[in-house]
Amino acid sequence: MDHSKMDHSNMDHSNMDHGKMDHSKMDHSNMDHGKMNHSNMDQGKMDHSKMDHSKMDHSNMDHDRGAMGGHAHHHHGSFKEIFLKSLPLGIAILFITPLMDIQWPFQIIFPYADVVAAVLATILYIYGGKPFYMGAKDEFNSKAPGMMSLITLGITVSYAYSVYAVAARYVTGEHVMDFFFEFATLLLIMLLGHWIEMKALGEAGDAQKALAELLPKDAHVVLEDDSIETRPVSELQVGDVIRVQAGENVPADGIIIRGESRVNEALLTGESKPIEKNVKDQVIGGSTNGSGVLYVEVTETGDKSFISQVQTLISQAQSQPSRAENVAHKVASWLFYIAVVVALIALVAWMIIADLPTAVIFTVTTLVIACPHALGLAIPLVVSRSTSLGASRGLLVKNREALELTTKADVMVLDKTGTLTTGEFKVLDVTVLSDKYSEEEITGLLAGIEAGSSHPIAQSIVNHAEAKGIKSVSFDSIEIVSGAGIEGEANGHHYQLISQKAYGKALRMDIPKGATLSILVENNEAIGAVALGDELKETSRNLIEVLKKYGIEPLMATGDNEEAAQGVAEVLGIQYQANQSPEDKYKLVESMKNQNKTVIMVGDGVNDAPSLALADVGIAIGAGTQVALDSADIILTQSDPGDIESFIELANKTTRKMKQNLVWGAGYNFIAIPIAAGLLAPIGITLGPAFGAVLMSLSTVIVAINAMLLRLDPK
């Protein structure tokens, strides 16, 4: 389709659904080639200038959401700084205090070393422990004690008891073992663990940063006198005209008013080839201009721009808890109460069995090792990583739970036009019906007689000839044949290009299913025919194979007629439903859900909106329309059905990682808590606070590494 020459002046587009045009029903004979000018009906592109963003609710977006149970960690940004400044204090304490009352070769013990250790530990507790006890305060204020509360308990108990031990030595002369070594080790390891966690989360969120960096800082604004003013992009307003030089990134969404070029939108839409852009075509902020100079009128700025919408979706996906994450949060909450109760039992029991120092050792170890750090980190890290990976493949995950539901899917309902097919007319076949002509000559005649029309069918024929390197025959005159097609004179011969119906005679030829057939006639004799149709996307066949491999039944539901639907369904080898209205598709999805099937719906986000919203998982082909943003759980910005394969792979791998981390985080704690409390002490198995801290930190690192190992297979 040639979109560059469009004349909208006399066309009423309000009720036109370009994505669902039933091309198989179009009668070539009734098309007024001279008056119809559809060149700007760009079905594949996204109209960002008309996006209604007012309905998007940003009020509940929690940008500060941390990884632990939805609690907003306002101190996370400084974990690196706090750790690095606390490290010298912690190392000094390790060098001057014995571990478990045993002096190690690397340690330097001198008179009043314990007093110095107490002073250093106080500074370390106040400075290094601040993010933990402030986090605990937030947790108790929200009535959701969890990880921060447990860490605070662990460091406070070990610090307070150690200070008491030093005081007892000098006041009563009694030797009481301190835990400064364990306290310093615990605090440093927890700070390091949080630093690693925040670094991983930061890396997982790089997709937003990468998108922001696509926009240049300044724009060249064209003033009324044609002079150029350099202005920050943040100050651009709708209606401004900007000049985009060759090789520059486009500063804002807009419409070209002068110039032509090829624009690379790969980083935004996934389209690998630069797209030819002419006057009246849209350009997306962040795309890269080719060799031409473009003058663009700004249509969207700020939070209404395409990049901002993508960033918002990523942010929403990363801040939205999933079902698995909610399970993790509940388990973490239970662990807090279990750990406190077990620690108190251990304290009382070991005071009776042994003495206070022994009881404190087991109590502190229990509180340290029960910290649900790894558990709280298990799910959010995986999903954050998954969201980032998806965005890099053009998969925008609006609803996290869609990832988990996809792994349980029974059936996928697929729209046809624009989803499995390109949605644009293309020449499927040129047939020679006369011995007088070759295929090249017939193609040249077809292109010549259609050369003056801007109709999509005409343009597809002209483009086909150009692609074959065939020169169009020059016609002396071309006229519309009312109710039949088009006719003209060339080289002294009279030709007609009319519909099969208008020709009225049977033809011995194979017609591609669902194709529109036009007959080239010379002196009432058919000399050639051209079949045009909606072409399958290259990745559609492979998608069907992938669905079957995963045990997901593919079902095509289309508004096209029986013949057109059957043609595509037979090629793909799938079941289909034809003549489906939006209401029919809705009822189809509803009936399958009533059969307890998990349903994925894939559509273009316009006529399919009700079905997208109703399905367990709604996947919109092509981002940019408000209805797609509102109705779908997943948006495929590249409009490529092959990306559904990437999404299914992402869903399965993400869910697998979630389960692995959840089992490790929860299972580790439930096994470690009884051991830390001294349950196996009678057989000689005990864990000291320092070793408990090491194990806890190790579990956190394992969970983080496991999440970051999430990868998608190369395309």
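The values are calculated or read from the model by the stated rules, or taken from the named source; none is laboratory data. Small disclaimer: the values here were computed from a predicted structure and weren't measured. Reconstructed Cβ throughout: ideal geometry from the backbone, glycine too, with neighbour counts over all protein chains shown. Side chains included, ligands, DNA and RNA excluded: accessible areas come from the protein's heavy atoms. Shrake-Rupley method; radii C 1.70, N 1.55, O 1.52, S 1.80 Å.
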- All but one of (1) in contact with a Ser or Thr (Cβ under 8 Å, 6 or more places away or on another chain); (2) open to solvent by less than 10 Å² (accessible area, probe 1.4 Å) hold for A451, so report the exception by its number. (2)
- Output the qualifying pairs, or none if there are none: Cβ atoms under 8 angstrom, residues six or more apart or on different chains, first residue in the stretch 78-99 and assigned to a loop (DSSP other than H, G, I, E, B), second residue modelled with pLDDT of 90 or more. T97/A117
- Of all residues in the stretch 110-128 being modelled with pLDDT under 90 and surrounded by 13 or more Cβ atoms within 10 Å (Cβ to Cβ), the one that is farthest from A160 (Cα to Cα): A113
- First in the stretch 154-183 and closer than 16 Å to L356 by Cα and assigned to a helix (DSSP H, G or I), second anywhere and hydrophobic (A, V, I, L, M, F, W, C) and open to solvent by 50 Å² or more (accessible area, probe 1.4 Å), Cβ under 8 Å, 6 or more apart: V166/V115
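Within the stretch 373-400, how many residues turn out to be outside any helix (DSSP H, G or I), closer than 11 Å to I634 by Cβ and either modelled with pLDDT of 80 or more or open to solvent by less than 10 Å² (accessible area, probe 1.4 Å) (or both)?
Result for the stretch 373-400: 5.
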- Name the pairs whose Cβ atoms lie under 7 Å apart, with the first residue in the stretch 404-432 and farther than 27 Å from L497 by Cβ, the second in a strand (DSSP E or B) and among the charged types (D, E, K, R), and 6 or more positions between them or separate chains? D410/E553; V411/E553
- Would you pick out the residues in the stretch 667-687 that are modelled with pLDDT of 80 or more, aliphatic (A, V, I, L, M) and assigned to a loop (DSSP other than H, G, I, E, B)? A677, L679, L680
- Task: Sort out which residues of the stretch 269-283 are at pLDDT 55 or above and in a helix (DSSP H, G or I), and write them in order of number.
- Result: none
- Message: For the stretch 221-234: of the residues being more than 32 Å from the chain's Cα centre (by Cα) and open to solvent by 50 Å² or more (accessible area, probe 1.4 Å), which is farthest from V283 (Cα to Cα)?
- Response: D225
- Wholly within the stretch 465-567, strands (runs of 3 or more DSSP E) carrying at least 1 residues that are of a type in the set (S, T, Y) and more than 32 Å from the chain's Cα centre (by Cα): 477-481, 493-499, 516-522
- Please state which one of Y586, Y550 is modelled with pLDDT of 90 or more, in contact with a helix residue (DSSP H, G or I) (Cβ under 7 Å, 6 or more places away or on another chain) and open to solvent by 20 Å² or more (accessible area, probe 1.4 Å). Y550
- Query: Do we find a residue being at pLDDT below 90, among the small types (G, A, S) and outside any strand (DSSP E or B) anywhere in the stretch 438-450?
  - Reply: no
- Task: Filter the stretch 284-312 for residues that are open to solvent by 10 Å² or more (accessible area, probe 1.4 Å), in contact with a Gly (Cβ under 6 Å, 6 or more places away or on another chain) and at pLDDT 85 or above and give the result.
- Result: G292, V293, Y295, E297, T299
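Do we have I151 as touching a residue at least 60 places away in the same chain (Cβ under 8 Å), in contact with a Cys (Cβ under 7 Å, 6 or more places away or on another chain) and buried (at least 21 other Cβ atoms within 10 Å of the Cβ) here?
Against the criterion (touching a residue at least 60 places away in the same chain (Cβ under 8 Å), in contact with a Cys (Cβ under 7 Å, 6 or more places away or on another chain) and buried (at least 21 other Cβ atoms within 10 Å of the Cβ)), I151 qualifies.
Residues are listed down the side, and each one gets a yes or a no for (1) aliphatic (A, V, I, L, M); (2) modelled with pLDDT of 90 or more:
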{"position": "G202", "(1), (2)": "no, no"}
{"position": "A207", "(1), (2)": "yes, no"}
{"position": "L211", "(1), (2)": "yes, no"}
{"position": "V222", "(1), (2)": "yes, yes"}
{"position": "E229", "(1), (2)": "no, yes"}
{"position": "L236", "(1), (2)": "yes, yes"}
{"position": "G239", "(1), (2)": "no, yes"}
{"position": "I242", "(1), (2)": "yes, yes"}
{"position": "Q245", "(1), (2)": "no, yes"}
- Query: Right, D616: open to solvent by less than 60 Å² (accessible area, probe 1.4 Å) and at pLDDT 85 or above or not?
  - Reply: yes
- Pair list, Cβ under 6 Å, 6 or more apart: the stretch 521-542 residue modelled with pLDDT under 85 and of a type in the set (K, R), other residue open to solvent by less than 30 Å² (accessible area, probe 1.4 Å) and not in a strand (DSSP E or B): K537/P641
- Message: Looking for something surrounded by fewer than 23 Cβ atoms within 10 Å (Cβ to Cβ), modelled with pLDDT under 85, β-branched (V, I, T) and over 15 Å from V360 (Cα atoms) - is there at least one such residue anywhere in the stretch 688-700?
- Response: yes
- Note on the structure: Residue pairs within 6 Å by beta carbon, gap of at least six or interchain, first lying in the stretch 576-602 and closer than 20 Å to K548 by Cβ, second part of a loop (DSSP other than H, G, I, E, B) and open to solvent by 50 Å² or more (accessible area, probe 1.4 Å), listed first then second, are K597/D410; T598/K408; T598/D410
- Query: Does at least one position in the stretch 405-422 carry a residue that is touching a Pro at 6+ places or on another chain (Cβ under 9 Å), open to solvent by 20 Å² or more (accessible area, probe 1.4 Å) and at pLDDT below 90?
  - Reply: no
- Message: Just to check your reading of the model, which residue among S499, S472, S477 is under 12 Å from A529 (Cα atoms) and among the small types (G, A, S)?
- Response: S499
